[in-house]
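Single-structure report; data block below.
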Amino acid sequence: MTIASYPPVVTTPTELSSRLELDAHGILNAAGLCELSGCTLDELASIQHSWNDLPSDNFLKDGGRYRQRRHSSFIVTTEQVRLVPHRPHYQPLEYNALHGGMLRLFEPVDANTIAQPVWNKLLQAIARTCSEVKGERLWYVEAHQFRIDTRNGIGRPTPEGAHRDGVDFVAILLVARNSVSGGESRLFEAEGRFGQRFTLSEPWTLLLLDDQKVIHESTPIQPTALGGYRDTLVLTYRSEGFLEPKKVGTQSGCPKQEEKYESHQLP
C-alpha cells in the first residue's frame, strides 16, 4: 500500500525567525540551512557517517529495539559553544508520559563529530535564530543523534506520541531517509485545534519549532526494502537551564547552571 506524503512548505533563512513568531515553526531546505549556518553540503557530509555508529537505546519502555542514539549537552551563545560534563537526559512526566521521570544516560556524541567545524556552525546558527525571537541569552542545548531502523518491522520516531519537550525551541534536522515510508511530521497547536502534516524527505532539511506553542510527533516508519532507516539530529534549546529533577529542600544561593558548567569550553 502506498502512503501519501505531503511536502513541507519551506521558508528562507531571512524569514525563519518571523515564521517562528507567526506560525510557531519554520522549515529550511538543505540550501537554506547552509546559508543560515554558513556551511557547505560537504561540511554536513563530514558528520553524516557518525550515524552509522550509534549504540542501541536501552531505555525504550515499549520493548522495542528500533532506536539507536547518542546524546550530549552544550551551553551555546552566538559567540561560543561550550560542551558540558556528560549528563543524563531528563524529562518530567508532564512532557513525556512514556519515558518521563527517568534519568537516561546515553553514550555521548563522538568527540570527532563535535570537533568538526560544522557542528558549532549548526548549533550557533540556530541559537541566533532563537535569540532573534526571544532576545539574546544563553541557550542550554541538548543534542540527540537518532537512527530509527526497520530491521524488525515498524520503527517509531516518537513512541511517546504527540508531545512537547519542555524547552523553548526544538530543531529537527533530517539527516537521511533510506528505504522507508511514513515518518510524517505532525504539528498541533498547544492551545487550539489547528494542525499540520508533512514529510521531511530531503537530507539536511531543518524543522524549527516553538515548543511553547506547538505539540509535535512523527508517525511510525516501515521498510520499503531491507536496511530501511531514518536518521535525525534533534537539538533542543532552553533558556532556563537544562531540565533536571527537582531537588527537595534546595536552598537559594546555589550556583547557576552556567557557573556550574563554566570551565568546560570548546576551542
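Read the figures in this text as sums done on the coordinates, not as results from a lab. Values in this document were obtained by computation on a predicted structure and should not be read as measured data. Heads up, the Cβs are rebuilt from the backbone with ideal geometry, glycines too, and the neighbour counts pull from every protein chain shown.
The table for this structure:
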| read-out | value |
| --- | --- |
| Any hit, region 4-17, residues being of a type in the set (Ser, Thr, Tyr), outside any strand (DSSP E or B) and over 26 Å from Gln212 (Cα atoms) | yes |
| Any hit, region 171-178, residues being aliphatic (A, V, I, L, M) and over 12 Å from the mean Cα position of the chain (by Cα) | yes |
| Residue within region 192-199 that is part of a strand (DSSP E or B) and touching a Pro at 6+ places or on another chain (Cβ under 8 Å) present | yes |
| Those residues of region 18-41 which are surrounded by 21 or more Cβ atoms within 10 Å (Cβ to Cβ), over 22 Å from Arg186 (Cα atoms) and among the aliphatic types (A, V, I, L, M), in sequence order | Leu36 |
| Test: residue in region 43-51 that is of a type in the set (A, V, I, L, M, F, W, C), in contact (Cβ under 8 Å) with a residue 40 or more places away in the chain, assigned to a helix (DSSP H, G or I) and more than 23 Å from Thr78 (Cβ to Cβ) | yes |
| Selection from region 212-250 of residues that are part of a loop (DSSP other than H, G, I, E, B) and either among the hydroxyl-bearing types (Ser, Thr, Tyr) or surrounded by 14 or more Cβ atoms within 10 Å (Cβ to Cβ) (or both) | Gln212, Lys213, Thr219, Pro220, Thr224, Gly228, Ser239, Gly241, Phe242, Leu243, Thr250 |
| Criterion (in contact (Cβ under 8 Å) with a residue 12 or more places away in the chain and surrounded by fewer than 19 Cβ atoms within 10 Å (Cβ to Cβ)) met by exactly one of Gly135, Gly161 | Gly161 |
| Meets criteria (among the small types (Gly, Ala, Ser), crowded, with 17+ Cβ neighbours inside 10 Å and over 23 Å from Trp51 (Cα atoms)) for Gly166 | yes |
